[in-house]
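Before any comments, here is the structure.
The values are calculated or read from the model by the stated rules, or taken from the named source; none is laboratory data. Just so it is clear, the model here is predicted, and its values are computed rather than measured. Glycine gets a Cβ as well: all are built from the backbone with ideal geometry, and neighbour counts include every protein chain shown. Ligands, DNA and RNA are stripped out before the accessible areas are found, and what is left, the full protein with its side chains, is counted by its heavy atoms. Shrake-Rupley method; radii C 1.70, N 1.55, O 1.52, S 1.80 Å.
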Amino acid sequence: MMGHQLGEQAALFYEFSLERHIPSDHLLRSIDRFVDLDGLRRELSPFYSTIGRPSIAPELMIRMLLVGYCFGIRSERRLCEEVHLNLAYRWFCRLGLDRDVPDHSTFSKNRHGRFRDSDLLRQLFEAVLRRCIDEGLVGGESFAVDASLIKADANRQNGVEGEKGLPPQAASRAIDEYLAVLDDAAFGAATEIVPKFISPADPAARWTGAHGGQAFFAYSTNYLIDVENAIIVDVEPTTAIRQAEVLAAKRMIERTAKNFALHPSRLLGDSAYGSADMLGWLVDEHGIEPHVTVFDKSARKDGTFAREDFNYDPAGDVYICPGGKTLTTTGTRVNDGETLLYRASKADCDACALRPRCCPNTPARRVPRSIHEGARDMARAIANTWEGRTSRRLRKKVEMLFAHLKRILRLDRLRLRGPNGARDEFLLAAAAQNLRKLAKLVPMPQPKAA
């Protein structure tokens, strides 16, 4: 017999335990073990007034933000609705069944005020990283570095020509932040090239066509990861050009060494980090093996001998050409002091039978050599070994994290504007990724038998 819908019968008393209704294998239950916000009030106390109406607890806002970034809830308005309805979210945020959820506008006020002034989100990321280290998930031997473009919250159709600059009447928080980073080598000072277009909504975002399709305004998120378990050990926002990404790699390596005493023995990276200056910085200044693809444009397309056809003799500091003649240097540096020129004598070149294949259009052959060529040679030698081939495979772990960032956490476009907004979003997303990795790799403690 088909049953009938009974009318609502409200009970007088209910016995309900939120704790019992959260499954033991729920992601938030696993993550909750690693979220320690005990020191939050101490860090934020200088940024709160001692009088007036009590504010929303900062622990609650941080927990709600972690929920949003762990589950790809991009809108703060929607986040408040989801926390209001979802029992697991309420449990994680310590709201119980009847406490009110803060208004979405509260997050904006605190993001642009107390959280940013106290650098709280950087401290949150580092606290999660410290827990990863304590759990033995960070080996500290091999690091990998890479960058990925994230679209800015800026309409590509509203850009103005870069040569014309911003309208005189334009004013916003994002413009103030843009003016503040004009001399920062990670943003305005990264290149002297004027971008084709500038966004009045977020002028620090860079116009780029790097993906090969329609150009757009973007920032770069830079990850430095420990290869063993793909734990993010640092994150840095920059403008979307190569020079800034190389600078970010240096900053991240130095910061992890200073804050966590992590000194990797090798760094994995693609050719974006294979410039002579970067390789020299790794090898000569920090003693790090460069498992990096060398950025090299010395190959020639006209059929003449390339630089690799000349053998370098380190003992005599000379090059030997294919004809057996010697190329020497006076020690004078060019290209801002980064390059030495080795020259053959005009008499040797005039009498050489290989001249048509060597220097048909110049009186004598010259071979440039970077002052960091020793580091470049080391990187080339490593690339030809089994370890080098393995490193090329392992460095894809960074790309997998970027795919997870965009597809699972849905951070393919920023919601906040300006360099500070990009930094806040990247830090929260990286913290969420490390928390999810902790939940996956560290098993839940089993309840003890009675």
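From the residues in region 289-320 that are charged (D, E, K, R) and touching a residue at least 40 places away in the same chain (Cβ under 8 Å), which one is surrounded by the most Cβ atoms within 10 Å (Cβ to Cβ)? So the residue we want is Glu289.
Pairs meeting the criteria (first residue in region 134-163 and farther than 20 Å from Gly213 by Cα, second residue polar (S, T, N, Q) and open to solvent by 90 Å² or more (accessible area, probe 1.4 Å), beta carbons under 8 Å, at least 6 apart or on different chains) are lacking. Just one of the listed residues (Leu60, Leu66, Leu87) is in contact (Cβ under 8 Å) with a residue 60 or more places away in the chain, surrounded by 15 or more Cβ atoms within 10 Å (Cβ to Cβ) and closer than 22 Å to Pro23 by Cα, and it is Leu66.
Screening Gly139 against (1) farther than 25 Å from Glu399 by Cβ; (2) more than 19 Å from the chain's Cα centre (by Cα) leaves a single unmet condition, (1).
The sole residue among Leu137, Leu129 that is part of a loop (DSSP other than H, G, I, E, B) and in contact with a strand residue (DSSP E or B) (Cβ under 7 Å, 6 or more places away or on another chain) is Leu137.
Among the residues of region 375-401, just one is within 16 Å of Leu279 (Cα to Cα), without any contact (Cβ under 8 Å) to a residue 60 or more places away in the chain and not aliphatic (A, V, I, L, M), namely Asp377.
Residues of region 186-196 that are buried (at least 18 other Cβ atoms within 10 Å of the Cβ) and closer than 18 Å to Pro237 by Cα: Ala186, Phe187, Gly188, Ala190. From the list Leu79, Leu12, Leu6, the lone residue that is within 24 Å of Leu416 (Cβ to Cβ) and either outside any loop (DSSP other than H, G, I, E, B) or at pLDDT below 85 (or both) is Leu79.
Is it the case, given these coordinates, that Ser199 is in contact with a Phe, Trp or Tyr (Cβ under 8 Å, 6 or more places away or on another chain), at pLDDT 90 or above, open to solvent by less than 70 Å² (accessible area, probe 1.4 Å) and small (Gly, Ala, Ser)? Considered against the rule, which asks whether it is in contact with a Phe, Trp or Tyr (Cβ under 8 Å, 6 or more places away or on another chain), at pLDDT 90 or above, open to solvent by less than 70 Å² (accessible area, probe 1.4 Å) and small (Gly, Ala, Ser), Ser199 comes out as yes.
Considering region 90-105, and only residues there that are open to solvent by less than 60 Å² (accessible area, probe 1.4 Å) and in a loop (DSSP other than H, G, I, E, B), the residue that is farthest from Met61 (Cα to Cα) turns out to be Gly96.
Among the residues of region 211-230, those that are touching a residue at least 60 places away in the same chain (Cβ under 8 Å) and more than 30 Å from Ala257 (Cβ to Cβ) comprise His211, Phe216, Phe217. Taking only region 259-284 into account, find how many residues are under 22 Å from Gly136 (Cβ atoms) and more than 16 Å from the chain's Cα centre (by Cα). Residues that pass the stated criteria total 8.
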